[in-house]
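Read the structure below first, then the notes.
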Amino acid sequence: MFERRRRKRILAEPFPSMWDAIIDANVALAHHLAPATRQRLRELVQVFVAEKWWEGCGGLELTEEMQVTIAAQACLLVLGRTNDPSLFTDVESILVYPSTVVTAPPQLGTFEQRTTPIGHAQTVIGQAMLGGPVVLAWDAVLAGGRPDAYGNVVLHELAHKLDMETGRIDGTPRLPDRKARERWGRVCSAAYAHHRARTEAGWPTLVDAYGATNEAEFFAVATETYFTRPWELAYEHPAVWRVLDDFYRFPFAG
């Protein structure tokens, strides 16, 4: 009841016209939404911006453009899930850096996009921690919002957060019932094993090779592919497409 009242107060404020321009410029997937769906995205963005704790790091001065861009990309994940009132329950804070972050070797249990082998200094464009913050590099956020993007760091890290809502990090988000969980496990485990075998053999894959790291990373990169290359995923991996589409229900144009 408290949450509903708080959100009602947030949505009583008019949606800033400047925010629409930011979404148009930085979130290509929002361009072809039907008017009613675009309005739902606006409402989700208002709530997301207001409810989360935001911080600019590494000398970055946080702006409304950054908040709205990140919020709009994140809310694409829940836009079609109209029966789910939650809005990333495992996300309380978002830390935004200007560019790639160089970190010490990570602890086990941390999920991040790496560009160097484990054991060396890591270059990180995004990171999500169970019960902790989401870390994002602003330049990577902008790159992921372009029409020609094949990946999206916000979708990747927030998919991890959907996974984490169960209290575990295993590539299986919160699902409605046992039947749905069994179907998810059957389809995604087989797809992950196939993807890992192809990656280890050096064969090209539609889903990013980083998904071969573990099933949690497979879910995150498959989510990126679902949103950025949907018809290719539907053609090459129809079973994966169907379970992701039943979960996200994103209203793709065409």
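Counting only DSSP beta bridges whose two residues both lie in the chain, roughly 45 percent are antiparallel.
Sorting 73-83, 198-208 by their mean Cβ neighbour count within 10 Å, with the most densely packed peptide first, gives 73-83, 198-208. With all projection directions averaged, the alpha carbon convex hull of region 206-254 covers 3.2 nm².
Taking K and R as +1 and D and E as -1, what net charge do the other residues with C-beta under 11 Å from the C-beta of Trp138 add up to?
Here the charged neighbours net out to -3.
A simple rule links phi to the HN-Hα coupling: the Karplus curve 6.51 cos²θ - 1.76 cosθ + 1.60 with θ = phi - 60°, which for region 163-172 gives 4, 6, 5, 7, x, 10, 10, 9, x, 10 Hz, with x for Gly and Pro. Once divided by 2.2 N^0.38 Å, the Cα radius of gyration of the chain becomes 0.98. In region 12-111, the convex hull through the Cα atoms has an average projected area of 8.0 nm², a quarter of its surface area.
When each of the peptides 218-228, 19-29 is scored by how many other beta carbons lie within 10 Å of its residues on average, the order from highest to lowest is 218-228, 19-29. Extension gain Ile10-Thr123, at 0.36 nm per residue separation less the Cα-Cα distance, in nm? Using 0.36 nm per residue and subtracting the Cα-Cα distance, I get 37.0 nm. A simple packing score, the average count of other Cβ atoms within 10 Å per residue, orders the peptides 53-66, 140-153 as 140-153, 53-66, with the highest score first.
Taken together, the values in this text are just the output of simple stated rules run on the coordinates, not laboratory data. Bear in mind that the values here come from a model prediction, so they are computed numbers and not experimental data. Positions of Cβ are backbone-derived with ideal geometry, glycine not excepted, and every protein chain shown enters the neighbour counts.
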